[in-house]
Amino acid sequence: MRHITVLSGGVGGARFTQGLLHGIATGALPGVDVDAEVTIVANTGDDLWLHGLKICPDLDTVMYTLGDGIDPGRGWGRRDETWHVNEELTAYGVESTWFGLGDRDVATHLVRTQMLEAGYPLSAVTEALSRRWLHPAYGDRLRLLPMTDDRVETHVVIADPDLERSPSGRRVVHFQEYWIKLRAGVPAEQLVFVGLDDAKPAPGVTDAIRDADLVIVPPSNPIVSIGTILGVAGVREHLVATDARVVGLSPIIGGHHVRGMAEQMLTSQGVEVSASGVGLHYGARGHGGILDGWLMDTADAAGVAEVEAAGLRTAAVPLLMSDHDATAAMAAAAIALVS
């Protein structure tokens with residue numbers, strides 16, 4: 001295998017890809033060339049405009065993680081960050097200071113915004129930013145692509161008892177406000193993917209799926225990360241039609257998400273919060289789904305038979321990404337499952 005494509009959300013997809021690249025470099029992945037090229041197609045449905053800046057949380061998390069600039073404790077944002085800009089915004093009483101803009105991170109958003117306003121598409125901007133973070137270590141063997149150049153934003157419908165503000169008893173908030181400000185503490189009644197119906201794949205996205213030897217769906221949020229990527233016109237169809245093997249790894253271990261809010265999002269869409277539930281949600285390519293193989297954690301081994309009965313090749317292995325070697329072992333097990 002010389003061409004691998006990863007469909008990625010933020011922290012989970014970034015950490016998995018880090019282990020995948022470690023496995024490639026150390027020759028730990030069966031049948032994968034040590035010079036294999038990896039293309040990451042990242043979710044942009046979490047993007048937002050804030051304080052006049054275009055912020056792309058998942059693109060930046062992948063970029064910083066693989067470029068060794070991520071804050072290892074938080075899993076997002078820059079290492080050795082300072083917060084003077086955010087403190088000044090707070091002092092001015094500017095709204096939306098719940099979204100922490102670190103000083104180093106602001107520089108990335110400034111460059112991105114300037115390039116977008118100069119007329120460059122997000123894919124070209126991402127390529128330019130990647131020259132700093134990804135190219136020194138990986139050269140042209142690693143590409144980071146946004147799922148689309150079009151503006152897509154995920155919004156969440158929640159209950160609002162303030163009838164003066166929301167006569168319907170409901171209001172809509174941006175996904176980032178739901179996640180960061182509200183801490184996903186209220187039920188998500190509905191998800192609204194603004195702009196997704198009209199979004200086209202960014203240049204290189206469908207080629208990366210069509211021409212791959214292997215496509216991996218890492219342990220990212222099935223609804224607001226992977227699901228959003230699949231909602232871009234043509235992506236699902238190319239995934240179903242590709243000659244590559246397509247394998248996924250569960251973000252649910254022992255009935256709970258390891259990080260993020262997969263439980264809340266799955267519940268909002270009526271999907272069972274379990275490793276087998278997510279596997280059935282993705283489904284087998286031979287039965288109208290998108291996967292050839294599905295990995296669950298050993299804690300969920302009892303559900304393997306249920307997923308296999310739906311036509312999806314399934315196995316249970318340890319899925320905690322505790323270090324690069326453990327994550328590379330996950331990648332090796334995923335490859336072995338569909339080889």
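The values are calculated or read from the model by the stated rules, or taken from the named source; none is laboratory data. The structure displayed is predicted, hence computed values, not measured ones. Here the Cβ is made from the backbone with ideal geometry for all residues, glycine too, and neighbour counts use every protein chain on show. Note: areas computed on protein heavy atoms with side chains; ligands, DNA, RNA excluded. Shrake-Rupley method; radii C 1.70, N 1.55, O 1.52, S 1.80 Å.
Which of the residues spanning the stretch 65-106 are touching a residue at least 12 places away in the same chain (Cβ under 8 Å) and polar (S, T, N, Q)?
Within the stretch 65-106, 65, 82, 86, 96 meet the criteria.
Whether any residue in the stretch 68-84 is of a type in the set (Val, Ile, Thr) and touching a Leu at 6+ places or on another chain (Cβ under 6 Å) is what I want to check.
Keep residues of the stretch 68-84 that are of a type in the set (Val, Ile, Thr), which gives 70, 82.
Now restrict to residues that are touching a Leu at 6+ places or on another chain (Cβ under 6 Å): none.
No.
Go through (1) under 17 Å from the mean Cα position of the chain (by Cα); (2) open to solvent by 10 Å² or more (accessible area, probe 1.4 Å) for residue 229 and report which single condition fails.
Exception for residue 229: condition (2).
One residue is enough: does the stretch 148-171 have a residue meeting the conditions assigned to a helix (DSSP H, G or I) and in contact with a Leu (Cβ under 9 Å, 6 or more places away or on another chain)?
Our first condition is that a residue be assigned to a helix (DSSP H, G or I); within the stretch 148-171, this holds for none.
No, the stretch 148-171 contains no residue that is assigned to a helix (DSSP H, G or I) and in contact with a Leu (Cβ under 9 Å, 6 or more places away or on another chain).
Which residue, of 327, 298, is out of contact with any strand residue (DSSP E or B) (no Cβ under 7 Å at 6 or more places or on another chain), β-branched (Val, Ile, Thr) and at pLDDT 95 or above? Break it down into steps so the answer makes sense when it comes.
Details: 298 fails: out of contact with any strand residue (DSSP E or B) (no Cβ under 7 Å at 6 or more places or on another chain).
Exactly one of 327, 298 is out of contact with any strand residue (DSSP E or B) (no Cβ under 7 Å at 6 or more places or on another chain), β-branched (Val, Ile, Thr) and at pLDDT 95 or above, namely 327.
Going through the stretch 205-220 one residue at a time, which ones are touching a helix residue (DSSP H, G or I) at 6+ places or on another chain (Cβ under 7 Å) and open to solvent by 20 Å² or more (accessible area, probe 1.4 Å)?
206, 210, 219
Kindly provide the set of residues from the stretch 19-43 that are under 30 Å from residue 154 (Cα atoms) and part of a loop (DSSP other than H, G, I, E, B), ordered by number.
Across the stretch 19-43, the qualifying residue is only 43.
What pairs come up if the first residue lies in the stretch 277-288 and is within 11 Å of residue 314 (Cβ to Cβ), the second is surrounded by fewer than 19 Cβ atoms within 10 Å (Cβ to Cβ), and their beta carbons are under 7 Å apart, counting only those six or more places apart or on different chains?
Matching pairs, first to second residue: 280/310; 284/310; 284/311.
Output the residues belonging to the stretch 57-84 that are hydrophobic (A, V, I, L, M, F, W, C), crowded, with 19+ Cβ neighbours inside 10 Å and over 13 Å from the mean Cα position of the chain (by Cα).
Of everything in the stretch 57-84, those that are hydrophobic (A, V, I, L, M, F, W, C), crowded, with 19+ Cβ neighbours inside 10 Å and over 13 Å from the mean Cα position of the chain (by Cα) turn out to be 66, 70.
Name the residues in the stretch 1-50 that are farther than 18 Å from residue 244 by Cβ, of a type in the set (A, V, I, L, M, F, W, C) and open to solvent by 20 Å² or more (accessible area, probe 1.4 Å), would you?
Answer for the stretch 1-50, where residues must be farther than 18 Å from residue 244 by Cβ, of a type in the set (A, V, I, L, M, F, W, C) and open to solvent by 20 Å² or more (accessible area, probe 1.4 Å): 11, 25, 28, 34, 49.
Just the residues that are farther than 15 Å from residue 8 by Cβ and in contact with a strand residue (DSSP E or B) (Cβ under 8 Å, 6 or more places away or on another chain), please, taken from the stretch 240-251.
At the first step, the residues of the stretch 240-251 found to be farther than 15 Å from residue 8 by Cβ are 240-245, 250.
Within the stretch 240-251, 242, 244, 245, 250 qualify.
For the stretch 303-322, indicate whether the set of residues that are out of contact with any Leu (no Cβ under 8 Å at 6 or more places or on another chain), under 30 Å from residue 197 (Cα atoms) and either among the polar types (S, T, N, Q) or at pLDDT 95 or above (or both) is non-empty.
Narrowing the stretch 303-322 to residues out of contact with any Leu (no Cβ under 8 Å at 6 or more places or on another chain): 303-305, 308-309, 311, 318, 320-322.
From what is left, the residues that are under 30 Å from residue 197 (Cα atoms) are 311.
Going one step further and asking which of them are either among the polar types (S, T, N, Q) or at pLDDT 95 or above (or both), we end up with 311.
Yes, the stretch 303-322 has at least one match.
For the stretch 144-170, name all the residues that are modelled with pLDDT of 95 or more and among the charged types (D, E, K, R).
149, 150, 151, 153
Taking the stretch 85-134 on its own, how many of its residues are in a loop (DSSP other than H, G, I, E, B) and within 21 Å of the chain's Cα centre (by Cα)? Walk me through it before giving the result.
Step one: of the stretch 85-134, the residues in a loop (DSSP other than H, G, I, E, B) are 93-102, 118-121, 134.
Cutting the leftovers down to within 21 Å of the chain's Cα centre (by Cα) gives us 99-101, 121, 134.
Residues meeting the conditions: 5.
Can you tell me which residue in the stretch 313-339 is surrounded by the fewest Cβ atoms within 10 Å (Cβ to Cβ), limited to those that are part of a loop (DSSP other than H, G, I, E, B) and of a type in the set (A, V, I, L, M, F, W, C)? Talk me through it step by step, then tell me what you get.
Restricting attention to the stretch 313-339, the residues satisfying the condition of being part of a loop (DSSP other than H, G, I, E, B) are 317-323, 339.
Checking which are of a type in the set (A, V, I, L, M, F, W, C) leaves us with 317, 319-321.
On the way: 317: 17, 319: 26, 320: 14, 321: 22.
Filtering first and then ranking leaves 320.
Here's the yes/no breakdown for (1) open to solvent by 70 Å² or more (accessible area, probe 1.4 Å); (2) part of a helix (DSSP H, G or I); (3) on the phi > 0 side of the Ramachandran plot:
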| residue | (1), (2), (3) |
| --- | --- |
| 266 | no, yes, no |
| 271 | no, no, no |
| 276 | no, yes, no |
| 306 | yes, yes, no |
| 311 | no, no, yes |
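Anything in the stretch 26-60 that is of a type in the set (Ser, Thr, Tyr) and in contact with a Ser or Thr (Cβ under 9 Å, 6 or more places away or on another chain)? List them, or say none. Reasoning before the result, please.
Narrowing the stretch 26-60 to residues of a type in the set (Ser, Thr, Tyr): 26, 39, 44.
Scanning the stretch 26-60 gives 39, 44.
Considering (1) within 18 Å of residue 77 (Cβ to Cβ); (2) open to solvent by less than 10 Å² (accessible area, probe 1.4 Å), say which one residue 97 fails and leave the rest.
Looking at each condition in turn, residue 97 falls short on (2).
So, in the stretch 139-165, exactly how many residues are open to solvent by 50 Å² or more (accessible area, probe 1.4 Å) and either under 16 Å from residue 49 (Cβ atoms) or not acidic (Asp, Glu) (or both)? Before you say what the answer is, go through the steps one by one.
Of all residues in the stretch 139-165, those open to solvent by 50 Å² or more (accessible area, probe 1.4 Å) come to 140-141, 143, 149-151, 159, 161-165.
Subsequent filtering for residues that are either under 16 Å from residue 49 (Cβ atoms) or not acidic (Asp, Glu) (or both) retains 141, 143, 149-151, 159, 161, 163, 165.
So the answer is 9.
Which of the following residues is of a type outside the set (D, E, K, R), in contact with a strand residue (DSSP E or B) (Cβ under 9 Å, 6 or more places away or on another chain) and open to solvent by less than 60 Å² (accessible area, probe 1.4 Å): 134, 89?
Working: 89 fails: in contact with a strand residue (DSSP E or B) (Cβ under 9 Å, 6 or more places away or on another chain).
The unique qualifying residue is 134.
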